[in-house]
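Working notes, beginning with the structure itself.
The values are calculated or read from the model by the stated rules, or taken from the named source; none is laboratory data. Since this is a predicted model, take the numbers as computed values, not measurements. Because the Cβ atoms are built from the backbone with ideal geometry, glycine has one as well, and the counts that use them run over all protein chains shown. These area figures cover heavy atoms from the full protein model, side chains too; ligands, DNA and RNA do not enter into them. Shrake-Rupley method; radii C 1.70, N 1.55, O 1.52, S 1.80 Å.
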Amino acid sequence: MTTRKGKAQTASAAKQAPKAAAKSVAKKPVKAAKGSAANALWGGRFEAGPADIMEKINASIGFDQKLFAQDIAGSRAHCRMLVAQKILTAKDGKAILKGLDQVEAEIRAGKMVFDPKLEDIHMHVESRLKEIIGDAAGRLHTARSRNDQVATDFKLWVRDAIDAIDAALLEYQRALLDRAEDYADTVMPGFTHLQAAQPVTFGHHLMAYYEMAARDRGRFQDCRRRLNESPLGSAALAGTSFPLDRAMTAKDLGFDRPTANSLDGVSDRDFALEFLAAASIAAVHFSRLAEEIVIWSSAQFRFITLTDAFTTGSSIMPQKRNPDAAELSRAKSGRVIGALNSLLIVMKGLPLAYSKDMQEDKEATFDAANALSLTITAITGMIRDLKANTEVLAAAAGVGFTTATDLADWLVQALNMPFRQAHHVTGTLVKMAETKGCDLEDLSLAEMQTVEPKINKEVFKRLGVQNSVKSRTSFGGTAPVRVRESVRRAKKGLK
């Protein structure tokens with residue numbers, strides 16, 4: 001393998017047109033690739049190289065080059081352990097570590113040319129290392145396999161992705177807290193079935209999404225804790241006869257411990273499935289909020305306004321302000337959920353230990369992590385960007401007799417009326433107000449007393465949107481005083 005300056009050039013089957021690939025198979029006999037010498041890294045078992053299509057379907061370098069930093073980190077840890085265990089000489093270990101530094105620098109600088117004939121990132125690193133330091137490079141693979149190597153690399157990558165997503169979720173939570181505090185007193189309609197239900201505050205509504213994000217972070221942290229065991233040293237599937245110190249490599253790579261079973265160590269992809277499950281739930285939460293942003297910003301609702309930063313125009317309708325960032329965030333959930341389904345299907349029928357099917361674990365996981373990260377950043381930006389149209393929200397909060405439950409509750413509390421009877425009385429009063437074309441608080445006391453003679457003027461202290469939200473003082477309720485308490489409590493505990 002050679003190196004050159006400039007951008008890395010990736011040749012992979014993923015970048016070939018599917019129709020062209022199908023045509024190639026249909027019209028050409030299956031034959032070995034040009035220069036069909038056996039792959040030197042496979043040893044002497046093979047005399048000829050792979051067929052063209054075999055090379056294309058087998059190569060993963062088009063996507064697993066993303067693992068280069070994790071792969072080199074694992075190689076460094078393995079090298080240091082081999083030296084400590086006197087399996088590798090200090091001289092060779094020093095040369096290997098120095099060579100790995102150069103390989104990493106070349107990849108980061110975009111100088112490495114990726115070649116599908118070398119299949120994956122592991123072979124690229126080892127091949128380039130051999131060009132730099134010679135035969136000593138071949139000693140690095142002592143007591144390990146690509147099976148435990150890739151499992152280790154992938155775990156390290158998912159762990160890094162979790163840390164990055166957690167940091168993004170933290171910023172999202174901070175944005176929600178800031179805006180919830182801003183709008184703690186702003187009343188709006190609360191909905192069930194997308195029908196007006198009871199008045200709430202906009203701050204309270206935003207705090208609901210804060211709680212969802214807190215659970216999302218908890219799921220990712222649980223996933224991180226469970227995945228934090230090192231497969232390195234499991235070798236192909238059965239372990240090795242070399243006197244490894246697996247605890248040393250685990251500690252070196254920031255794992256809590258080595259995996260307890262070599263078969264499980266190389267074949268486990270639970271960590272990726274759990275990551276994708278947590279990502280899917282988070283993506284659904286963001287999709288729900290994105291849907292509300294789309295609805296709220298419509299001309300028919302006008303609950304919020306987004307600036308030019310998060311909207312686009314129309315090529316034909318000059319009045320349009322489209323909430324494209326919200327719509328795309330909503331759509332990204334499909335990619336994330338699809339990735340989870342894809343990997344579940346890949347894994348569902350695989351016997352122990354490693355099968356090449358598991359090469360299909362990475363692209364979907366990489367894509368899902370990227371989609372979720374974009375979504376979090378976009379939604380966080382929109383939360384900070386949006387302006388609540390307080391007058392519109394307040395007017396909408398009372399539409400649909402949203403204080404009816406407050407009236408029923410007052411009948412129970414003030415008149416000791418059974419709730420079912422209070423429900424019936426309130427329903428009758430709602431019908432009366434609907435016939436008159438007014439709100440409940442606009443009915444006169446005399447009109448109310450035609451339905452229930454015991455109703456007195458104290459009832460008007462409970463009716464009305466502002467009175468309603470102020471009365472909801474139960475823990476976790478929508479009263480402004482409770483919203484501010486929840487914001488203070490969250491800010492104190494946020495980390």
Q: Could you name every one of the helices (runs of 4 or more DSSP H) located completely within the stretch 425-495 that has at least 3 residues being in contact with a Leu (Cβ under 8 Å, 6 or more places away or on another chain)?
A: 480-493
Q. How many residues does the stretch 383-426 hold that are in contact (Cβ under 8 Å) with a residue 40 or more places away in the chain and either charged (D, E, K, R) or under 30 Å from residue 287 (Cβ atoms) (or both)?
A. 20
Q) Is there a residue in the stretch 197-205 that is aromatic (Phe, Trp, Tyr) and open to solvent by 40 Å² or more (accessible area, probe 1.4 Å)? A) no
Q.
For the stretch 142-164, give me the residue count where each residue is over 14 Å from residue 225 (Cα atoms) and acidic (Asp, Glu).
A. 2
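For the stretch 162-177, name all the residues that are within 13 Å of residue 221 (Cβ to Cβ) and small (Gly, Ala, Ser).
Across the stretch 162-177, the qualifying residue is only 167.
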Q: Considering only residues that are within 27 Å of the chain's Cα centre (by Cα) and touching a residue at least 24 places away in the same chain (Cβ under 8 Å), look in the stretch 470-494 and name the one that is nearest to residue 179 (Cα to Cα).
A: 487
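Looking at residue 381, is it out of contact with any Pro (no Cβ under 9 Å at 6 or more places or on another chain), farther than 27 Å from residue 298 by Cα and open to solvent by less than 70 Å² (accessible area, probe 1.4 Å)? Let's see the steps before the verdict.
Numbers: out of contact with any Pro (no Cβ under 9 Å at 6 or more places or on another chain): yes; farther than 27 Å from residue 298 by Cα: no; open to solvent by less than 70 Å² (accessible area, probe 1.4 Å): yes.
Against the criterion (out of contact with any Pro (no Cβ under 9 Å at 6 or more places or on another chain), farther than 27 Å from residue 298 by Cα and open to solvent by less than 70 Å² (accessible area, probe 1.4 Å)), residue 381 does not qualify.
With the requirement that a residue be under 17 Å from residue 430 (Cα atoms) and of a type in the set (S, T, N, Q), what does the stretch 457-487 give you?
Kept after step one, since they are under 17 Å from residue 430 (Cα atoms), are these residues of the stretch 457-487: 459-460, 462-465, 468.
Listed by number, the list holds a single entry, 468.
Among the residues of the stretch 309-330, write down those that are in a helix (DSSP H, G or I) and either touching a Lys or Arg at 6+ places or on another chain (Cβ under 9 Å) or open to solvent by 60 Å² or more (accessible area, probe 1.4 Å) (or both). It would help to see each step written out before you state the result.
Of all residues in the stretch 309-330, those in a helix (DSSP H, G or I) come to 309-310, 324-330.
Those that are in a helix (DSSP H, G or I) and either touching a Lys or Arg at 6+ places or on another chain (Cβ under 9 Å) or open to solvent by 60 Å² or more (accessible area, probe 1.4 Å) (or both): 309, 327, 328, 330.
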Q: Give the stretch 427-443 a look and list any residue that's more than 18 Å from residue 190 (Cβ to Cβ) and either of a type in the set (A, V, I, L, M) or in contact (Cβ under 8 Å) with a residue 60 or more places away in the chain (or both), or say none.
A: 429, 432, 433, 443
Q. For the stretch 143-192, how many residues meet the condition of being open to solvent by 30 Å² or more (accessible area, probe 1.4 Å) and either free of Cβ contacts under 8 Å to residues at least 12 places away in the same chain or hydroxyl-bearing (Ser, Thr, Tyr) (or both)?
A. 3
Q: Could you grab me the full set of residues in the stretch 234-254 that are closer than 22 Å to residue 353 by Cα and in a loop (DSSP other than H, G, I, E, B)?
A: 234, 235, 236, 237, 238, 239, 240, 241, 242, 244
Q.
Filter the stretch 278-308 down to the residues that are assigned to a helix (DSSP H, G or I) and modelled with pLDDT under 95 and list them by number.
A. 308
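So which of 353, 282, 277 ends up being in contact with a Ser or Thr (Cβ under 8 Å, 6 or more places away or on another chain) and of a type in the set (Gly, Ala, Ser)?
Values: 282 fails: in contact with a Ser or Thr (Cβ under 8 Å, 6 or more places away or on another chain); 277 fails: in contact with a Ser or Thr (Cβ under 8 Å, 6 or more places away or on another chain).
Criteria check complete, one pass: 353.
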(Q) So if I check each of 294, 284, which one is more than 30 Å from residue 158 (Cα to Cα), surrounded by fewer than 22 Cβ atoms within 10 Å (Cβ to Cβ) and hydrophobic (A, V, I, L, M, F, W, C)? (A) 294
Q) If we scan the stretch 339-354, do we find a residue that is in a helix (DSSP H, G or I) and either without any contact (Cβ under 8 Å) to a residue 12 or more places away in the chain or among the aromatic types (Phe, Trp, Tyr) (or both)? A) yes
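For residues that are polar (S, T, N, Q) and more than 30 Å from residue 191 (Cβ to Cβ), scanning just the stretch 248-281, find the one that is most open to solvent (accessible area, probe 1.4 Å). Lay out the reasoning, then the answer.
So in the stretch 248-281, the residues polar (S, T, N, Q) come out as 249, 259, 261-262, 267, 280.
Filter once more, so that each one left must be more than 30 Å from residue 191 (Cβ to Cβ): 249, 259, 261-262, 267.
On the way: 249: 2, 259: 11, 261: 77, 262: 30, 267: 13 Å².
Among residues in the stretch 248-281 that are polar (S, T, N, Q) and more than 30 Å from residue 191 (Cβ to Cβ), the one most open to solvent (accessible area, probe 1.4 Å) is 261.
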